[in-house]
Amino acid sequence: HPPTQRYNMKLRLGKGFTLEELKEAKIPAKLAPTIGIAVDHRRRNKCAESLQANVNRLKVYKSKLLIFPKKSGKKGVKKGDTPKSELQNVAQNTLKEIIPVERPQLRVKARAITSEEKEASAYKKMKKAR
């Protein structure tokens, strides 16, 4: 999230994924930059929700990823490369964001207050939570 109160409701792409997010998605930190994933070792995860959202983005990216072998022939194929049969007629991704961030819905429709909500006291709930 952007730092100031005016803009902090907006989600934006960061500088890279944390080491913890990569570990959850089962992607080695050394392999990540080689397959197009930015790594930011300084970032820390503040909440489980954003961690899980980023892990899901990494898993989607990994499922769509096709790795071409460096050299032709049997010796050029390494573990983790996509089989030759799947590499035929592959379209290149030209989108600005490879895996876009899911934006939360900003507007909430107005609705009538229920009797249960009228009876509940927010003050008592907050006091009990402390």
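Among the residues in the range 29-46, are any charged (D, E, K, R), more than 19 Å from L11 (Cα to Cα), modelled with pLDDT under 85 and open to solvent by 80 Å² or more (accessible area, probe 1.4 Å)?
The answer is no; no qualifying residue exists.
Report, ordered by the first and then the second residue, all pairs with beta carbons closer than 9 Å, sequence separation of six or more or different chains, a first member in the range 1-14 that is modelled with pLDDT under 75, and a second member that is aliphatic (A, V, I, L, M) and open to solvent by 80 Å² or more (accessible area, probe 1.4 Å).
H1/M9; P2/M9; M9/L106
Would you mind finding the one in L87, L95 that is under 28 Å from the mean Cα position of the chain (by Cα), at pLDDT below 70 and open to solvent by less than 90 Å² (accessible area, probe 1.4 Å)?
Being under 28 Å from the mean Cα position of the chain (by Cα), at pLDDT below 70 and open to solvent by less than 90 Å² (accessible area, probe 1.4 Å) holds for just one of L87, L95, which is L87.
Does K59 qualify as being open to solvent by 50 Å² or more (accessible area, probe 1.4 Å), assigned to a loop (DSSP other than H, G, I, E, B) and of a type outside the set (A, V, I, L, M)?
Against the criterion (open to solvent by 50 Å² or more (accessible area, probe 1.4 Å), assigned to a loop (DSSP other than H, G, I, E, B) and of a type outside the set (A, V, I, L, M)), K59 does not qualify.
Here are some residues: Y61, Y123. Which one is more than 25 Å from F17 (Cβ to Cβ), at pLDDT 75 or above and hydroxyl-bearing (S, T, Y)?
Being more than 25 Å from F17 (Cβ to Cβ), at pLDDT 75 or above and hydroxyl-bearing (S, T, Y) holds for just one of Y61, Y123, which is Y123.
Going by what's in this entry, would K26 be described as under 13 Å from R57 (Cα atoms) and part of a loop (DSSP other than H, G, I, E, B)?
yes
Please pick out the residue among S72, S115 that is over 28 Å from the mean Cα position of the chain (by Cα), at pLDDT below 70, open to solvent by 70 Å² or more (accessible area, probe 1.4 Å) and not acidic (D, E).
Answer to the selection: S72.
The values are calculated or read from the model by the stated rules, or taken from the named source; none is laboratory data. A quick note: this is a predicted structure, and the numbers were derived from the prediction, not measured. We place every Cβ from the backbone using ideal geometry, glycine too, and count neighbours over all the protein chains shown. Side chains included, ligands, DNA and RNA excluded: accessible areas come from the protein's heavy atoms. Shrake-Rupley method; radii C 1.70, N 1.55, O 1.52, S 1.80 Å.
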